[in-house]
Amino acid sequence: MDIHFISRETYREKYDIHFLKTVQEEFKTSYIIPEGGNNTLGQKGCAEILLPEQKEKYDLFCCSIGTGATFTGIVNSLGGEKKAMGFSAIKNGHYIANEIQQQTPFSNFELQ
């Protein structure tokens, strides 16, 4: 694995489709992982955090939230059966609720 550093200015373009295409053209075998690992695969991996026997023992699962990947995985793992409560690590981070809701069919969560 090779690590290539970029400037803060370039980093701000991390979601820009043209920037991402340029990276993929330069590094043909690259796999781009979004910040915080927040994509379908990251959420699927985080859904495996809770074992079936853990879900049966507790009524409420709490988790801090950065990008939302871990929390979304936990909400999906609970399958609407138990409640999840998330605590945003970002000041005024309640915008993330919409992003989480778009990535799960469940509404068994609330953010603090």
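The values are calculated or read from the model by the stated rules, or taken from the named source; none is laboratory data. Keep in mind that this is a model prediction, so the values were computed, not measured. Every residue, glycine among them, receives a Cβ derived from its backbone with ideal geometry; neighbour counts consider all protein chains shown. Note: accessible area is taken over every heavy atom of the protein model, side chains too, but ligands, DNA and RNA are not part of it. Shrake-Rupley method; radii C 1.70, N 1.55, O 1.52, S 1.80 Å.
In table form, for the structure just shown:
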| item | result |
| --- | --- |
| Condition check for LYS55: under 30 Å from ILE3 (Cα atoms), free of Cβ contacts under 8 Å to residues at least 40 places away in the same chain and either part of a helix (DSSP H, G or I) or in contact with a strand residue (DSSP E or B) (Cβ under 9 Å, 6 or more places away or on another chain) (or both) | no |
| Matching residues, the stretch 69-112, being in contact with a helix residue (DSSP H, G or I) (Cβ under 8 Å, 6 or more places away or on another chain), without any contact (Cβ under 8 Å) to a residue 40 or more places away in the chain, of a type in the set (A, V, I, L, M, F, W, C) and surrounded by 13 or more Cβ atoms within 10 Å (Cβ to Cβ) | ALA69, PHE71, ILE74, VAL75, LEU78, ALA84, ILE100, PHE106, PHE109 |
| Filter result for the condition that a residue is of a type in the set (A, V, I, L, M, F, W, C) and in contact with a Lys or Arg (Cβ under 8 Å, 6 or more places away or on another chain), over LEU78, LEU111, LEU51 | LEU78 |
| Restricting the stretch 19-36 to residues that are open to solvent by 80 Å² or more (accessible area, probe 1.4 Å) and assigned to a loop (DSSP other than H, G, I, E, B), the residue that is nearest to GLY68 (Cα to Cα) | ILE33 |
| Per-region count, the stretch 45-67, residues among the basic types (Lys, Arg) and either modelled with pLDDT of 90 or more or open to solvent by 80 Å² or more (accessible area, probe 1.4 Å) (or both) | 1 |
| Residue among ILE74, ILE49 that alone is part of a loop (DSSP other than H, G, I, E, B) and either under 26 Å from TYR31 (Cα atoms) or polar (S, T, N, Q) (or both) | ILE49 |
| Count - residues of the stretch 14-46 that are over 20 Å from GLU99 (Cβ atoms) and among the acidic types (Asp, Glu) | 2 |
